[in-house]
Structures are given as structure tokens and as C-alpha cells.
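The values are calculated or read from the model by the stated rules, or taken from the named source; none is laboratory data. All values reported here derive from a predicted model rather than from experimental measurement. A quick note on method: Cβ atoms are made from the backbone with ideal geometry, for glycine too, and the neighbour counts reach across all protein chains shown.
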Amino acid sequence: MASKKVLSIHGHPDDGEQFAGGTLQLLKKAGYGITIAALTDGACGSHTQTAEEIIAIRLKEAREAAALIGANYVNLGIRDGSIEYNLENTRKLVKLIREINPEIIITHPTDDYMTDHSHTGRLVLWAIPEAGHKNFQADTNASAIERLPYTYHTDPQGLTFANGQISRVDTIVDISDVIEQKLKAFATHKSQMGLLFQSETQNGEPSAARKTRRWAITRGEQVRIEYGEGFNQQLHAEYPRKNILIDLIPGKVYTL
């Protein structure tokens, strides 16, 4: 049987905190073990440093950020910007899923501006059923999982899908009590705070963190709370239908 574990699978080393950091903290408080996994090494996270230099920096930052949430951190070592939707990467995820055996998986949506994000979301959906097929080959001695985990897709980058509209979600988690801890963990990825945005701060908060705060405000406004994180539960075929977050984080979960 799956244990009380959450596996948060994302494309890049800072994605777990940015897209699901508040919910992960709430699940940690609910007694769940948390693992944050990044598929890529983060090599494209600098315009000035070599790949080897920024990979080492981002690994250190990712471990520190995960520790603030109380999570373990795993990196699958795929080169940043190079996640392919293929069998090799699916086997890597099957290995990870079997070894963690999570009750809950959180990952990217399959529609996202960042191809590394959308391919991650698609690969997770490929890997989950195969993780339960004992004859599907993966480089691990861990047994096949016995049931599909509860699976949730985060918001896309910028909260928008390809049509430019705010993405629709079916679940919003109230992270108002942990928003500052979430942003602190995200801002621990210091190398990324000024990469795509100027690194100026306002009241000590980097611009990338302010953007992430705005996303949380947008989701919160939908259900009249201060800060929220949005998710869509995966409900294809054999995936469990119950929204387990309602039970695990009582009073903090809104369904739309």
C-alpha cells in the first residue's frame, strides 16, 4: 500500500516551491513525508556562468529550499531545456514513483508555456500507470505500485494556457498561513531571482517572488481568501475520484 508520502515532480529545481510550496508545507504539517523531484539539472539557469557552475549552485539552493519545507530533494539529471517525451525518461519516472510509492503526486499541467513543464506533466501521466505494471521495466528493485496515486496538476507558468486566458482549476488550497514560508523557500533559489526579471527588490522581496505572490493573490480572490494555489485533479479512467486534499487539509480546500 502507498504510504503517507507526497511526490512533487517538476521540470526545474525551483518549480516545486513556486507552484506548490504552500500546499506541500500544509501536507507536511498533516504528517506526510514530502519529496520534491526536479527532472532537469538547471543548466540553463544562468546567462553568465558555465553549465557546470550553475548546476552546482542550483543543486545547493534546491536542497536548502526543500529543507525549509521539510522535504527531501531529488534531481534526475536531465539537461535543462531538453526534457523529451520518450520511453527513457518514462522509465526514470517509473523508477522514482516505485521507490517513493506516494499516495499523492503533484506535477505540472500538460499545457504550459515552458516545454520542460508540459513534457514533465505528460511524462508523469505516462509513468504512473506503468509504475503499477510489474512487467514494465525500470532500473529498480522496488515493487510495482498497487494503486494509482491521487494526482494533481499545478497552475501553468503565468497562470495562462495557450489561449491567453487564466487557466481554470477545480481545486484551490488556502495557503494564507504559509505564504511567507513558501516565498522564503522559493527565494532561496537566489540564482534564479534575477534571471528572467530584473533583480530589484521591493520591501526586500525579489521581483520573481513578487510575481509568485501575485499569482497566489489571483487564486485567493476566486474563493475570497488572501492567498491560494490552484490545481486540477487528474481524473482519467482508474485515477481515484476522491479529492483527498479536502480530508488532509480541512477547512483549507475549495472546489470549483
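Brief remarks on what is shown
- Taken over the stretch 209-224, the criterion of being under 13 Å from residue 184 (Cβ atoms), crowded, with 19+ Cβ neighbours inside 10 Å and of a type outside the set (Val, Ile, Thr) is satisfied by 209 alone.
- From the list 84, 88, the one residue that fits, being part of a helix (DSSP H, G or I), modelled with pLDDT of 95 or more and surrounded by fewer than 21 Cβ atoms within 10 Å (Cβ to Cβ), is 88.
- Residues that are in a helix (DSSP H, G or I), of a type in the set (Asp, Glu) and surrounded by fewer than 19 Cβ atoms within 10 Å (Cβ to Cβ) within the stretch 95-135 comprise just one, 99.
- If you go through the stretch 23-40 and keep only what is in contact with a His (Cβ under 9 Å, 6 or more places away or on another chain) and either of a type outside the set (Gly, Ala, Ser) or modelled with pLDDT under 95 (or both), you end up with 36, 39, 40.
- Per the conditions (1) surrounded by fewer than 24 Cβ atoms within 10 Å (Cβ to Cβ); (2) part of a helix (DSSP H, G or I), the sole criterion not satisfied by residue 138 is (2).
- If you filter the stretch 27-36 down to residues that are out of contact with any Gly (no Cβ under 6 Å at 6 or more places or on another chain) and surrounded by 23 or more Cβ atoms within 10 Å (Cβ to Cβ), you find that the one that is nearest to residue 3 (Cα to Cα) is 34.
- Scanning the stretch 153-177 for residues that are assigned to a loop (DSSP other than H, G, I, E, B), hydrophobic (A, V, I, L, M, F, W, C) and touching a Ser or Thr at 6+ places or on another chain (Cβ under 6 Å) yields a single hit, 161.
- All of 54, 69 fail the test of being in contact (Cβ under 8 Å) with a residue 24 or more places away in the chain and closer than 16 Å to residue 185 by Cβ, apart from 69.
Rundown of residues vs (1) among the β-branched types (Val, Ile, Thr); (2) touching a Gly at 6+ places or on another chain (Cβ under 7 Å), yes/no style:
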position: 47; (1), (2): no, no
position: 57; (1), (2): yes, no
position: 63; (1), (2): no, no
position: 68; (1), (2): no, no
position: 80; (1), (2): no, yes
position: 91; (1), (2): no, no
position: 95; (1), (2): no, no
position: 99; (1), (2): no, no
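- Residue in the stretch 109-119 that is out of contact with any Ser or Thr (no Cβ under 8 Å at 6 or more places or on another chain) and polar (S, T, N, Q) present: yes
- Condition met for residue 145 (more than 16 Å from the chain's Cα centre (by Cα), crowded, with 21+ Cβ neighbours inside 10 Å and in contact (Cβ under 8 Å) with a residue 60 or more places away in the chain): yes
- Per-region count, the stretch 189-211, residues modelled with pLDDT under 95, closer than 15 Å to residue 21 by Cα and of a type outside the set (Lys, Arg): 2
- Residue check, residue 242 buried (at least 18 other Cβ atoms within 10 Å of the Cβ), among the basic types (Lys, Arg) and at pLDDT 95 or above: no
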